[in-house]
Amino acid sequence: MLEQKKIICMAPCFNEFQKIGKVVTRCKKIDFLDEILVVDDGSTDGSIDVAKKEGANVIALGATLGVGAAIRHGITYAREKKFDILVIMAGNNKDEPEEIHRLVDPIINEEYDLVQGSRFLKGGYYGEMPFYRILATRLHPVLFSLASGKKVTESTNGFRAINLRLFDDERINLHQSWLDAYELEPYLYYQAIRLGYKTTEVPVTKIYPPKSVGYTKMKPFVDWWKIIRPLVLLRLGIKK
């Protein structure tokens, strides 16, 4: 606990055999985390066994449903277990667990509802990325800012913390099938802003692993549309 708040850290995982163990091991060093949860999205490479061996609690979905579905299961679990704060981080060791306190402190001290990690804020850092990746991660915040009405510097980074009371609001409906993949994360951020909840950004580090061990599972263009789609559908009132 930190200031009497129960905090859980979850990592969605799909075929991260070489990396998920490192994520769990590093998170175990953060003494205020009450639980480390891995939600496995149908891995076939032994990721589940590695995560369990390193000490994580594992929810195995049994099939590949999508990262949004995995996060949704993690949120449901965290609420059922009466946690106060949920930290979400990548399952491929891109994020720095030592920076988790940057995400949770504003929730505890200033009662923010969602704290977004940003590699682009002063004090943030990111390693080598292909030009197309830099372009996508820079363009999306511009589109997101225009759609949501609040200027942000980062909107595709999954490293964030959430006050779980946010989900008491039935207007934030994660249980929609169109949110099973990459759509859920921008949907949640957008809805939190548009519904008037307190959100802020903090600087974080984002270091992608070498391409030889799996750089990213996001596919150019096809998956980029998935992270833009919520902005279009919500802004036009087609989805809620």
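The values are calculated or read from the model by the stated rules, or taken from the named source; none is laboratory data. This is a predicted model, so every value here is computed, not measured. All Cβ positions, glycine included, derive from the backbone under ideal geometry; neighbour counts span all protein chains shown.
Among the residues making up region 58-101, those that are touching a Phe, Trp or Tyr at 6+ places or on another chain (Cβ under 7 Å) and charged (D, E, K, R) are Arg79, Lys94, Asp95. Exactly one residue out of Gly117, Gly123 is in contact with a strand residue (DSSP E or B) (Cβ under 8 Å, 6 or more places away or on another chain), among the small types (Gly, Ala, Ser) and buried (at least 17 other Cβ atoms within 10 Å of the Cβ): that is Gly117. Determine whether Ser155 is surrounded by 20 or more Cβ atoms within 10 Å (Cβ to Cβ), within 24 Å of Cys9 (Cα to Cα), modelled with pLDDT of 95 or more and small (Gly, Ala, Ser). Answer is yes for this residue.
Looking only at region 116-131, decide whether some residue is under 21 Å from Glu35 (Cα atoms) and either among the aliphatic types (A, V, I, L, M) or touching a Ser or Thr at 6+ places or on another chain (Cβ under 7 Å) (or both).
Taking region 116-131 and keeping what is under 21 Å from Glu35 (Cα atoms), we get 116-117.
Filter once more, so that each one left must be either among the aliphatic types (A, V, I, L, M) or touching a Ser or Thr at 6+ places or on another chain (Cβ under 7 Å) (or both): 116.
Scanning region 116-131 turns up at least one residue that is under 21 Å from Glu35 (Cα atoms) and either among the aliphatic types (A, V, I, L, M) or touching a Ser or Thr at 6+ places or on another chain (Cβ under 7 Å) (or both).
Taking the conditions (1) surrounded by 18 or more Cβ atoms within 10 Å (Cβ to Cβ); (2) closer than 25 Å to Gln116 by Cβ in turn, Lys82 satisfies each one other than (1). Note on region 139-164: residues that are part of a helix (DSSP H, G or I) and out of contact with any Asp or Glu (no Cβ under 8 Å at 6 or more places or on another chain) total 9.
Kindly evaluate Asp41 against the criterion of being touching a Ser or Thr at 6+ places or on another chain (Cβ under 8 Å), closer than 19 Å to Ile162 by Cβ, surrounded by 21 or more Cβ atoms within 10 Å (Cβ to Cβ) and not hydrophobic (A, V, I, L, M, F, W, C). Steps first, please.
Working: touching a Ser or Thr at 6+ places or on another chain (Cβ under 8 Å): yes; closer than 19 Å to Ile162 by Cβ: no; surrounded by 21 or more Cβ atoms within 10 Å (Cβ to Cβ): yes; not hydrophobic (A, V, I, L, M, F, W, C): yes.
For Asp41, the condition - touching a Ser or Thr at 6+ places or on another chain (Cβ under 8 Å), closer than 19 Å to Ile162 by Cβ, surrounded by 21 or more Cβ atoms within 10 Å (Cβ to Cβ) and not hydrophobic (A, V, I, L, M, F, W, C) - is not met.
From the list Leu114, Leu33, pick out the single residue that is of a type in the set (A, V, I, L, M), over 28 Å from Leu195 (Cα atoms), in contact (Cβ under 8 Å) with a residue 12 or more places away in the chain and out of contact with any Asp or Glu (no Cβ under 9 Å at 6 or more places or on another chain). Residue meeting the stated conditions: Leu33. Mind checking which pairs have a first residue in region 93-107 that is aliphatic (A, V, I, L, M) and a second that is assigned to a loop (DSSP other than H, G, I, E, B), Cβ under 6 Å, 6 or more apart or different chains? That search, which allows pairs on different chains as well, returns Ile100/Ile30.
Can we say Thr76 is of a type in the set (S, T, N, Q), within 18 Å of the chain's Cα centre (by Cα) and surrounded by fewer than 18 Cβ atoms within 10 Å (Cβ to Cβ)? Spelling it out, Thr76 is indeed of a type in the set (S, T, N, Q), within 18 Å of the chain's Cα centre (by Cα) and surrounded by fewer than 18 Cβ atoms within 10 Å (Cβ to Cβ).
Among the residues making up region 99-138, those that are part of a helix (DSSP H, G or I), modelled with pLDDT under 95 and of a type in the set (A, V, I, L, M) are Ile134, Leu135, Ala136. Annotation note: Cβ proximity below 7 Å between a residue of region 1-14 that is closer than 7 Å to Ile85 by Cβ and in contact (Cβ under 8 Å) with a residue 60 or more places away in the chain and a residue that is aliphatic (A, V, I, L, M) and part of a strand (DSSP E or B) (sequence gap 6+ or interchain) occurs for Lys5/Ile85; Ile7/Ile85; Ile7/Val87. Identify the residue in region 165-186 that is of a type in the set (Phe, Trp, Tyr) and either more than 21 Å from Glu111 (Cα to Cα) or assigned to a strand (DSSP E or B) (or both) and, among all such residues, is nearest to the chain's Cα centre (by Cα). Filtering region 165-186 for residues that are of a type in the set (Phe, Trp, Tyr) and either more than 21 Å from Glu111 (Cα to Cα) or assigned to a strand (DSSP E or B) (or both), the one nearest to the chain's Cα centre (by Cα) comes out as Tyr182.
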